[in-house]
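Comments concern the structure below.
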Amino acid sequence: QVQLVESGGGLVQAGGSLRLSCAASGSIFRINAMGWYRQAPGKQRDLVARIISDGNTNYGDSVKGRFTVSRDNAKNTVYLQMNSLKPEDTAVYYCNANIRDRVTWLTSDYWGQGTQVTVSS
């Protein structure tokens, strides 16, 4: 089994910064990609940022230039540095990882429990 544990959400004023962390643990053979999605009330879950094993990154259009995704391979951890936050960034942020399990040898997507980010105007 694989677990993802997130931390770092909270309340911040517009223009401020937050840093999210997500650590993967369990029967991990290889992490192919890790990243973040977010879901605001009444909306679908959308990609925020993603980093794959070769270091390439993808960002949602609304966060380009403000958010940075990074990864510590030794710690199986992905980070999301969020700067210049806006009220429209308010959402539950979910960590996602595509992982090959070292026991079952299956590759699956895993999700964290979600962490609330609230940006006040």
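The values are calculated or read from the model by the stated rules, or taken from the named source; none is laboratory data. Small disclaimer: the values here were computed from a predicted structure and weren't measured. Quick reminder, even Gly has a Cβ in these numbers, built from the backbone with ideal geometry, and neighbours come from all protein chains shown. Note: accessible area is taken over every heavy atom of the protein model, side chains too, but ligands, DNA and RNA are not part of it. Shrake-Rupley method; radii C 1.70, N 1.55, O 1.52, S 1.80 Å.
Of note:
- Under 5 Å between amide hydrogens, built in the peptide plane, is the criterion, and for F67 it picks out N83 among residues at least 5 positions away or on other chains.
- Average accessible surface area per residue within the chain, 1.4 Å rolling probe, Å²: 53 Å²
- FRET efficiency, 1/(1 + (r/R0)^6) with R0 41 Å, evaluated for Q3 and D61 via beta carbons: 0.85
- Net charge of neighbours whose Cβ lies under 13 Å from the Cβ of A14, counting Lys and Arg as +1 and Asp and Glu as -1: 0
- Between K75 and D109, the contour length at 0.36 nm per residue exceeds the alpha carbon distance by 10.4 nm.
- Gap separating the Cα centres of region 77-121 and region 1-42, nearest whole Å: 3 Å
- Proximal charge balance of S108 [Cβ under 13 Å; K/R count +1, D/E count -1]: +1
- Cα radius of gyration and Dmax for region 53-121 (Å): 14.4, 48
- 26 Å Cα-Cα reach of K86 towards lysines, excluding residues that sit fewer than 8 places from it in its own chain: K43, K64
- Value in Å of the Kirkwood radius, where the chain supplies the Cα pairs that are averaged: 14.4 Å
- Taking the protein heavy atoms of region 5-121 in the context of the full set of protein chains, the accessible area attributed to carbon and sulfur is 47 percent at 1.4 Å.
- Couplings 3J(HN,Hα) for region 76-83, derived from phi with the Karplus relation 6.51 cos²θ - 1.76 cosθ + 1.60 (θ = phi - 60°), are 6, 10, 10, 10, 10, 8, 10, 10 Hz, where x marks Gly and Pro.
- 5 angstrom amide H check on T90, placed H, neighbours 5+ away: V119
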